[in-house]
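Read through the structure below, which is laid out as structure tokens, and then see the notes.
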Amino acid sequence: MNPIAPIINGLSITLKHMFMKPVTLQYPSERPKVATRYRGLHGLKVSHSRAKCVACYLCPTVCPAKCITVEAGEDSSHNKIATRYEIDMLRCIFCGYCVEACPVDALKMTGEFELANYSREDFIYSKERLLEK
Amino acid sequence: MVNLIINDKPVTAPKDSTIYDAAKINGIKIPILCHDKKLKPFGACRMCLVEVEQMKGRQIPACTTPITEGMIIQTATPDIIKARKLVLELLLLNHPLDCPVCDKGGDCDLQNLTYEYQVNSNRFVDSKFQHKIDYNNPLIERDMNRCVLCGKCVRICDQIVGYGALTFIDRGIETKIGCEFEDGLNCEFCGSCVSVCPVGSLLARPFKNKARFWALTKHSSVCGYCGTGCNLTLGVKDNKVLTTIYDENQGFHKGQLCARGRFGYQFINSEKRLMTPLVRKNGNLVEATWEEALEIVTARLRGGTSVAALATARLTNEELSLFKKLMIENVGSKNIDHSGGYAHSALTEGFTRSFGTTAAPSTILDIQKSDYLLVVKTDAYETHPVIGFEINLAVKNNGVKLTILSDKRGKLSKLPDARTAVHVPGSEVAVLNAICKSILDQKLISATAASIPGFAQLESALAAYTPEAVASQSGLTAAEINQIAIDYASAAKALILFPTGLAYAGHNAELASAVANLALLTGKVGSEGCGVLCMNEKNNSQGAVDMGFYAQEDGLNALKILDACTSGAVKTLFIAGENPLASYPNSAKVKSALDAVECLIVSDLFLTETAARADVVLPACSYAEKEGTFTSTDRRVQYIKPAIKKIGKSRTDFEIFSSLIVALGGAAPASPAAEFAAISAVTPGYAGMTHTGLGVEGCFAPVEVKPAFVVPQSAATPVEAGKLALVTGSVLYHNGTLSQHGEGPMFVCPDAYIEMSRADARNKTIIEDDLVTVSSPSGTLQLKAKITPRMPEGVVFIPYHFPAAPVNKVWSGSAVTMVTVAK
Ligand code: SF4
Ligand code: SF4
Ligand code: SF4
Ligand code: SF4
Ligand code: SF4
Ligand code: FES
């Protein structure tokens, strides 16, 4: 085989790519388009300006990573609410079982994927941080 | 035994079984919703439908149908399954389906059955109930929207608890479970109804929302309150005892508990628990290390006979035995005691001389096997409610006759055909003597009685106690006394019960001998359903006596120890768990003793009134954190193991005593099990017992009776014009002073009060909730008045559990105190 041919071949591929649209995403100036069913940060859904979660304890039960902490309580009209709802994102494996288990469709997984933080405590998402804005 | 065929399998079952029982015995499951083995069959829900060939294949309820010879039964044909599904569909029609917010989710019979039978849709439509939810009391929430009308709550409250707070009201589709005037539940809050409710209609509010049933670890244990020794299951999550769980297979009482057992567990994880040792420096208690605290204690314990010890009868047998060893072998002092020194005297003095043993010769199981019960004081229900349930069952189900000899009426007096002989406070020994006398006079004694030592002396001493003579001082009639004598003596089996405790100063050795005489005269000891049951106050009162943790030989008893503290003879006092300032008679005297003693060492769960005066405070552990054994009032030795890890830096008393023994140069046992081996080797009746051998059921320590007649000295009943007779005692919701740290007991009964008759209230123009001043020679006390029909004129009652309003300010240890009561 002609020893030059592979080099030419290689260079032509390189040359071709110089004029093609780059495949890498220029993050952070460019943002990815997240798929609709992407499993990112959790969100607690809100309805009638209050969290839909009724603190049924099913998501902490199903969670294989045991990273959800729920404490239930009552509001003034004896409705059951979560007085504490926390997810430890360091342990979460983003399986989405919690969303599937929720009997009242109170939980979702958002497209939010930028979960880096500086300290361990900041990975524990409290109810306030999880409530959908 | 009856032969029958269930699901094509030939089986046998006892004659009195229902189809459901027969199937259960043979391992065949029939679903139930309204049936409970403790309650009478009801047949309300129709979940248990089965087909019986002899009844032409009709579907009949298994829980109410008795078996007959040769029955051929099918329990799960397609038709039956269809019928059960229909039952569930109809129940779910009006049921709110709010499992996510219902606390019963995960432990709900309706939920489980719906899942099992896959009832996913409903062919019918109807509106849901809109009943108002009862949030009126802090312990039990009643949501009748979820009710399936199984009637279990109604039946348990009526059949076992004997309160009757709940009933069906309205008719047809409107039917619901209601209480008095539908005005919010106000009952004795035993929680029995909550425990049997198959759905989330009745919920325990202290546990509500805390956790799901499946997230709890279940630890079986023994109740830490009274001497009944009920078994219970603690529900634990994250090292916290969150609730008690009902288990119908537990104990003689089949899972039944009283208000304090069921709702009084919060002291275990109380915020107020002591977390570290405290040492007094410059007059203040400051936190210290264990080494520092134990060093001070060790130095002080080198005082020989100038050291004394008081322990609570809530410690385990192993701890009490070790404490005794520490005091006698390592410290060299015999000054040890518990329960004020008098609350155990019925056993340690009374039964010792009358029965030759320090234990009651009967068990709680005898109650239902008896024919006649003589209960001394209606308080027997308040002090030991679950024994009260047994009495109730005996009277209602077995037709056992009940007579109560008491200074006031009470719940027991309301049982069907119960007779209450209300006597003048303090005259019970005289009355019992008169009953003995009447038995002698009517020649009702047993053939063997005359051969028991002391018979002649008793016969001559009783001459002074003719029913006529006693009638005048006791307020009873001679006919009443004679009637009790006849009823008691003529019953084939008869049992006498009486409570003891710190508040029952009159229930002492004399009373014990008086009842023992009665049983011995008529030969009613030593056989099934007969005898005497002394109902001890604390969970391990009997154990403390069995371990010999009381003053013997030349040792000082509790009250003498306190005197010796005042006089300076005792320089170091080590109190493990007792709170004498709140519970012993005459608080002023206790206070001066505790102030006078050079060094006061207290180990306790809480900084009690007594601990607050200590020089060294050691944080101890509750029963849920330790291993050991408790001995119930009828000598059931039961094993407990830790349900949670120790709180804070607390240590068990076993560890504390072990370290002190080592520090004083002795050898400590390796574990509670090793100490128990030492105990079983020397304690009468405990021979052969081991921790592992006790199992979940526990073991009865047999009691051997060597009978003798003793002449009981009756006290003169005090009478003073214008004054009222004060009797002290226990209330249903409390036990000792520990229940002050239980939320349930404190919700229902937060303060002390003075209970008086309507007549006295009228005379003194006192109305309900008035603040009245009670004064006696030892002090005065202000209390709220409670006016009840159960008190006889001239008698007032004050419960003793409350350090905030301590009855021992006006009560100095006599059975009856004359007090003036004024607005
Ligand atoms: S996504 Fe999975 S691991 Fe993460 S919280 Fe939900 S159930 Fe747990
Ligand atoms: S499953 Fe849903 S309702 Fe239940 S606790 Fe989780 S988020 Fe709340
Ligand atoms: S708590 Fe006890 S007394 Fe009250 S309604 Fe229930 S069963 Fe009856
Ligand atoms: S409240 Fe509970 S126990 Fe009572 S009838 Fe209704 S479902 Fe049965
Ligand atoms: S306090 Fe006594 S009667 Fe009540 S549950 Fe405990 S052991 Fe049983
Ligand atoms: S369990 Fe038999 S009818 Fe309810």
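The values are calculated or read from the model by the stated rules, or taken from the named source; none is laboratory data. Computed from a predicted model, the values in this text were never measured in an experiment. For neighbour counting, all protein chains shown are included, and Cβ atoms are generated from backbone atoms with ideal geometry for every residue, glycine included. With ligands, DNA and RNA removed, areas are computed over all heavy atoms of the protein, side chains included. Shrake-Rupley method; radii C 1.70, N 1.55, O 1.52, S 1.80 Å.
Is it the case, given these coordinates, that B:Ser220 is part of a helix (DSSP H, G or I) and open to solvent by 10 Å² or more (accessible area, probe 1.4 Å)?
Working: part of a helix (DSSP H, G or I): no; open to solvent by 10 Å² or more (accessible area, probe 1.4 Å): yes.
So B:Ser220 does not fit the description; no.
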| B:Phe657 more than 30 Å from B:Pro361 (Cα to Cα), of a type in the set (Phe, Trp, Tyr) and not in a loop (DSSP other than H, G, I, E, B) | yes
| request: State the number of residues belonging to region B:729-777 that are among the small types (Gly, Ala, Ser) and farther than 15 Å from B:Ala582 by Cβ. | output: 8
| query | In region B:95-141, how many are in a helix (DSSP H, G or I), crowded, with 18+ Cβ neighbours inside 10 Å and not acidic (Asp, Glu)? | reply | 4
| Which of the residues spanning region B:482-504 are under 15 Å from B:Asn517 (Cβ atoms) and part of a helix (DSSP H, G or I)? | B:Ile484, B:Ala485, B:Tyr488, B:Ala489
| request: Note down all Cβ pairs under 7 Å where the first residue falls in region B:314-339 and is assigned by TED's automatic domain parsing to the domain that holds B:Leu660, the second is polar (S, T, N, Q) and part of a strand (DSSP E or B), and they're at least six residues apart or on different chains. | output: B:Thr316/B:Thr629; B:Asn317/B:Thr629; B:Asn317/B:Thr631; B:Glu318/B:Thr629
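Evaluate the following for A:Tyr85: is it within 13 Å of the chain's Cα centre (by Cα) and either closer than 23 Å to A:Arg50 by Cβ or within 12 Å of chain B (Cβ to nearest Cβ) (or both)? Show your work before the answer.
Details: within 13 Å of the chain's Cα centre (by Cα): no; either closer than 23 Å to A:Arg50 by Cβ or within 12 Å of chain B (Cβ to nearest Cβ) (or both): yes.
When the stated conditions are applied, A:Tyr85 does not pass them.
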| request: Identify the single condition in (1) under 30 Å from B:Thr363 (Cβ atoms); (2) within 24 Å of the chain's Cα centre (by Cα); (3) of a type in the set (Gly, Ala, Ser) that B:Ala582 does not satisfy, given that it satisfies every other one. | output: (1)
| Picking from B:Ala479, B:Ala509, B:Ala456, which residue would you name as being touching a Gly at 6+ places or on another chain (Cβ under 8 Å) and among the aliphatic types (A, V, I, L, M)? | B:Ala509
| request: Name, by its number, the condition in (1) assigned to a helix (DSSP H, G or I); (2) surrounded by fewer than 24 Cβ atoms within 10 Å (Cβ to Cβ) that does not hold for B:Thr358. | output: (1)
| Positions within region B:21-43 being of a type outside the set (Gly, Ala, Ser) and within 16 Å of ligand 4 (Cβ to nearest atom), in sequence order | B:Pro31, B:Ile32, B:Leu33, B:Cys34, B:His35, B:Asp36, B:Lys37, B:Lys38, B:Leu39, B:Lys40, B:Pro41, B:Phe42
| Within region B:208-233, can you find the residues that are within 16 Å of ligand 5 (Cβ to nearest atom) and among the hydrophobic types (A, V, I, L, M, F, W, C)? | B:Val222, B:Cys223, B:Cys226, B:Cys230, B:Leu232
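Report, by residue number, each residue of region B:499-552 that is charged (D, E, K, R) and farther than 22 Å from B:Glu318 by Cα.
Hits for region B:499-552 are B:Glu510, B:Lys524, B:Glu528.
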| said: I'd like to verify a number: residues in region B:536-575 that are within 22 Å of the chain's Cα centre (by Cα), closer than 16 Å to B:Ile328 by Cα and outside any helix (DSSP H, G or I), how many? | reply: 2
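Residue by residue through region A:64-96, note down the ones that are within 20 Å of A:Arg129 (Cβ to Cβ), part of a loop (DSSP other than H, G, I, E, B) and touching a Lys or Arg at 6+ places or on another chain (Cβ under 9 Å). Even if it seems obvious, please write down each step before you answer.
The first filter runs over region A:64-96 and keeps only residues within 20 Å of A:Arg129 (Cβ to Cβ), leaving A:65-73, A:81-94, A:96.
Then keep just the ones that are part of a loop (DSSP other than H, G, I, E, B); that gives A:65-67, A:89-94, A:96.
Across region A:64-96, the qualifying residues are A:Ala65, A:Lys66, A:Cys67, A:Leu90, A:Arg91, A:Phe94, A:Gly96.
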| request: Name the one entry in B:Val470, B:Val515 that is touching a residue at least 60 places away in the same chain (Cβ under 8 Å), surrounded by 21 or more Cβ atoms within 10 Å (Cβ to Cβ) and assigned by TED's automatic domain parsing to the domain that holds B:Lys377. | output: B:Val515
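Every residue, every condition in (1) among the β-branched types (Val, Ile, Thr); (2) in contact with a Leu (Cβ under 8 Å, 6 or more places away or on another chain); (3) at pLDDT 95 or above, yes or no:
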| residue | (1), (2), (3) |
| --- | --- |
| B:Pro277 | no, yes, yes |
| B:Gly283 | no, no, no |
| B:Glu291 | no, no, yes |
| B:Leu294 | no, yes, yes |
| B:Gly304 | no, no, no |
| B:Ala309 | no, yes, yes |
| B:Asn317 | no, no, yes |
| field | Subset of region B:294-334 that is closer than 22 Å to B:Lys626 by Cβ and open to solvent by 50 Å² or more (accessible area, probe 1.4 Å) - its residue that is farthest from the chain's Cα centre (by Cα) | value | B:Lys325
| task | Could you list all residues from region B:249-264 that are crowded, with 17+ Cβ neighbours inside 10 Å and more than 16 Å from ligand 3 (Cβ to nearest atom)? | result | B:Gln250, B:Gly251, B:Phe252
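What number of residues in region A:50-67 are more than 10 Å from every other protein chain (Cβ to nearest Cβ) and closer than 17 Å to B:Cys102 by Cα?
Start the filter on region A:50-67 by keeping residues that are more than 10 Å from every other protein chain (Cβ to nearest Cβ), which leaves A:50-52, A:59, A:62-67.
Filter once more, keeping what is closer than 17 Å to B:Cys102 by Cα: A:52, A:59.
Total satisfying the criteria: 2.
With the condition kept exactly as written, say whether any residue in region B:579-600 is part of a strand (DSSP E or B) and in contact with a strand residue (DSSP E or B) (Cβ under 8 Å, 6 or more places away or on another chain). Don't jump to the end; show me each part of the working.
Initially, region B:579-600 is screened for residues part of a strand (DSSP E or B), giving B:599-600.
Filter once more, so that each one left must be in contact with a strand residue (DSSP E or B) (Cβ under 8 Å, 6 or more places away or on another chain): B:599-600.
The answer is yes; a qualifying residue exists.
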| field | Any pair with Cβ under 8 angstrom, 6 or more apart, that starts in region B:673-695 at a residue that is closer than 14 Å to B:Tyr639 by Cβ and part of a helix (DSSP H, G or I) and ends at one that is open to solvent by 40 Å² or more (accessible area, probe 1.4 Å) and among the acidic types (Asp, Glu) | value | B:Ala673/B:Glu627; B:His691/B:Glu627
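To keep it simple, each residue is scored yes or no on (1) in contact (Cβ under 8 Å) with a residue 40 or more places away in the chain; (2) open to solvent by 10 Å² or more (accessible area, probe 1.4 Å); (3) closer than 22 Å to B:Thr631 by Cβ.
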residue	(1), (2), (3)
B:Glu528	yes, yes, yes
B:Gly531	yes, no, yes
B:Asn536	yes, no, yes
B:Val545	yes, no, yes
B:Asp554	yes, yes, no
B:Ala569	yes, yes, no
B:Leu581	yes, yes, no
B:Asp595	no, yes, no
| task | Out of the residues in region A:68-80 that are more than 9 Å from chain B (Cβ to nearest Cβ) and aliphatic (A, V, I, L, M), state the one that is farthest from the chain's Cα centre (by Cα). | result | A:Val70
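Just name the residue that is farthest from the other protein chains (Cβ to nearest Cβ) out of those in region A:97-113 that are part of a loop (DSSP other than H, G, I, E, B) and either surrounded by 15 or more Cβ atoms within 10 Å (Cβ to Cβ) or aliphatic (A, V, I, L, M) (or both).
Filtering region A:97-113 down to residues part of a loop (DSSP other than H, G, I, E, B) leaves A:102-106, A:110-113.
Subsequent filtering for residues that are either surrounded by 15 or more Cβ atoms within 10 Å (Cβ to Cβ) or aliphatic (A, V, I, L, M) (or both) retains A:102, A:104, A:106, A:111.
Values: A:Cys102: 9, A:Val104: 6, A:Ala106: 9, A:Gly111: 27 Å.
The selected residue is A:Gly111.
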| message | List the residue pairs whose Cβ atoms are under 8 Å apart, where the first residue sits in region B:54-72 and is free of Cβ contacts under 8 Å to residues at least 60 places away in the same chain and over 17 Å from B:Lys24 (Cβ atoms), the second is among the aliphatic types (A, V, I, L, M) and away from ligand 2 (no atom under 16 Å from the Cβ), and the two are 6 or more positions apart or on different chains. | response | B:Gln54/B:Met71; B:Gln54/B:Ile72; B:Arg58/B:Val52; B:Gln59/B:Leu49; B:Gln59/B:Val50; B:Gln59/B:Ile80; B:Gln59/B:Ala83
